[in-house]
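See below for the structure under consideration.
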Amino acid sequence: MMVEGVLNIDKPAGWTSHDVVARLRKILKVKKIGHAGTLDPDATGVLVVCVGKATKIVEYLVGLDKEYEAVMRLGETTDTQDASGVVLEKAAWEHVTDKDLLNCFSRFTGEITQIPSAYSAIKVRGVPSYKLARKGEEVEIPRRKVKIYKIEFLKREGADIFFKVHCSKGTYIRTLCHDIGRDIGVGAHLRALRRTRSGSFLIGDALSLEYLSGLMETGRLDKKFYGMDEVMAGFPSIILDEEREKKTVHGNPVFLNAEQGATLLSGSLVRLKNQNGSLIALGVLEGEKLKKVKIEKVLIH
């Protein structure tokens, strides 16, 4: 059984993303495994995992947009911006209306700036910032720009607000909750989080670790792997002749004819395939008139 490709895992609560990778190494008996986008330990949902040669495309999958379902509690601010932390402030929240929330969601839609919590996995001086924060060290997290495509109000139960959010990579939903609470004037923190989509990977297709382990034991797991070409299907492809294929596998740039380069923009990521339609490499298009593809990743070795 070929144990290679991309898996859509439903990360359980209480596990770090690294815990999931470590467990998969034991189940699959493969060392070369990496995930494409960290989820906090208390969060659940879609964790995209690359196995074997597919680890070469992790960096491209990390950049996929994400969707989440979240629960935000009004009236309480915590030091971690989520329910795992110590409550720093409390405030009355009962006067906040649904209209207030919708107006606030609108203000946070589009490109925004975030300063994530010091209790996050962002590395500072090569060390995850939460490790420094737990030691009582001062941690300065740089501002980052992210994009919120949509925030959808679902329901409310007392101080708890249920909503969906569609966002770019690098968005911290607990920081979003913290900032929304500050904007409304009552404070807030993240109570629960579930990632429901990462790119084309949906929560309805995600596998639990228990189910995956059972498939491995019965020899049926290979059908659950996504191939690299399938995962990268959103990027344009170019079919190479044998001569250019040989150059590609050695990392040499590929020059395109007028027809091949006509519809492709400089800077685009492209898939390079052989005559059989097999994906052999990924590259970036360069040039305007005379276009060539600079090879970024050779995928067949």
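The values are calculated or read from the model by the stated rules, or taken from the named source; none is laboratory data. Quick caveat, the model's predicted, so the values are computed rather than measured. Neighbour counts are summed over all protein chains in view; Cβ atoms, including those assigned to glycine, are modelled from backbone coordinates with ideal geometry.
Report, by residue number, each residue of region 87-136 that is closer than 23 Å to Asp65 by Cβ, out of contact with any helix residue (DSSP H, G or I) (no Cβ under 6 Å at 6 or more places or on another chain), modelled with pLDDT under 95 and surrounded by 15 or more Cβ atoms within 10 Å (Cβ to Cβ).
Residues satisfying the conditions are Ser117, Ala121.
Just for strands (runs of 3 or more DSSP E) wholly inside region 231-298: which have at least 2 residues that are closer than 28 Å to Val48 by Cβ and among the small types (Gly, Ala, Ser)?
Those strands (runs of 3 or more DSSP E) span 279-286.
In this structure, does Thr80 turn out to be among the hydroxyl-bearing types (Ser, Thr, Tyr), in the same structural domain as Gly181 (by TED's automatic domain parsing) and touching a residue at least 60 places away in the same chain (Cβ under 8 Å)?
Considered against the rule, which asks whether it is among the hydroxyl-bearing types (Ser, Thr, Tyr), in the same structural domain as Gly181 (by TED's automatic domain parsing) and touching a residue at least 60 places away in the same chain (Cβ under 8 Å), Thr80 comes out as yes.
The rows are residues; the columns are (1) crowded, with 17+ Cβ neighbours inside 10 Å; (2) under 30 Å from Tyr172 (Cα atoms); (3) of a type in the set (A, V, I, L, M).
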| site | (1), (2), (3) |
| --- | --- |
| Ile184 | yes, yes, yes |
| Leu190 | yes, yes, yes |
| Gly199 | yes, yes, no |
| Tyr211 | no, yes, no |
| Val231 | yes, yes, yes |
| Ser237 | no, no, no |
| Glu243 | no, no, no |
| Asn252 | no, no, no |
| Asn257 | no, no, no |
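Tell me, yes or no, whether region 136-149 has at least one residue that is in the same structural domain as Ala70 (by TED's automatic domain parsing) and within 13 Å of Leu74 (Cα to Cα).
no
May I ask you to list pairs of residues, at least six apart or on different chains, whose Cβ atoms are under 9 Å apart, with the first in region 103-126 being more than 16 Å from Gly85 (Cβ to Cβ) and the second being small (Gly, Ala, Ser) and surrounded by fewer than 18 Cβ atoms within 10 Å (Cβ to Cβ)?
Qualifying pairs under 9 Å: Glu111/Ser168; Gln114/Gly170.
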